[in-house]
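A short worksheet on the structure shown next.
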């Protein structure tokens, strides 16, 4: 957990029970004025929905075929990992939204529109990155190579997060740029705006652990300008 001025950042793993417990403890203990969440409105609505929506033609038309497929693969992978720990993907975000409703706390969705993210990702990813991704998902598990071990039920350590981000930046620069670097800027800009608009309000931001340090660093630099 990081604190700066009227902001508290809770770094989470989207499939870790530890994250769910921590988010719940922070919100119920502090009762913040605003809960800022690493979601856009579309993803938040889907997360809270009791009924999983079936595929519609307009979904593909809005996103495009490639972005839709990329989103589908990512969702399936997250669901697979979450099933291993018997937890719903994004459970920590869901509990934050539920507690906000329970305590009548204002919610701010601070992430970039998922449609923009997916379209940028599919337009940028290179053929070499696609081949590497295919290799990593199919061949690499059977090869003897350096592995980054961590417990899925817990938020990865700072050392592990740094290793994962460094590897992503090296092996998949387009994915790193789109999913990490650009979204860090969106998250920090939105949080900075909320902090300056409501300087006397306590804000708890629930974001992925891989974003928290860069986001806070960017916020601090904005206050120094």
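The values are calculated or read from the model by the stated rules, or taken from the named source; none is laboratory data. Keep in mind the model is a prediction, meaning the values are calculated, not measured. Here the Cβ is made from the backbone with ideal geometry for all residues, glycine too, and neighbour counts use every protein chain on show.
Go over the candidates 186, 206 one by one and state the one that is part of a strand (DSSP E or B) and at pLDDT 95 or above. Give the steps one after another, and end with the answer.
Numbers: 186 fails: part of a strand (DSSP E or B).
Answer to the check: 206.
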Considering residues that are more than 27 Å from residue 95 (Cβ to Cβ) and over 19 Å from the mean Cα position of the chain (by Cα), the number found within segment 170-198 is 3
Kindly indicate the residue of segment 112-150 that is at pLDDT below 60 and within 23 Å of residue 183 (Cβ to Cβ) and also surrounded by the most Cβ atoms within 10 Å (Cβ to Cβ) among those meeting that condition. 150
Those residues of segment 29-47 which are modelled with pLDDT under 95 and either more than 22 Å from residue 183 (Cβ to Cβ) or assigned to a helix (DSSP H, G or I) (or both) amount to 41, 42, 43, 44, 45, 46, 47
How about segment 23-45: which of its residues are without any contact (Cβ under 8 Å) to a residue 60 or more places away in the chain and farther than 25 Å from residue 185 by Cα? 25, 29
Test residue 26 against the criterion of being assigned to a helix (DSSP H, G or I), touching a strand residue (DSSP E or B) at 6+ places or on another chain (Cβ under 7 Å) and modelled with pLDDT of 85 or more, and give yes or no. yes
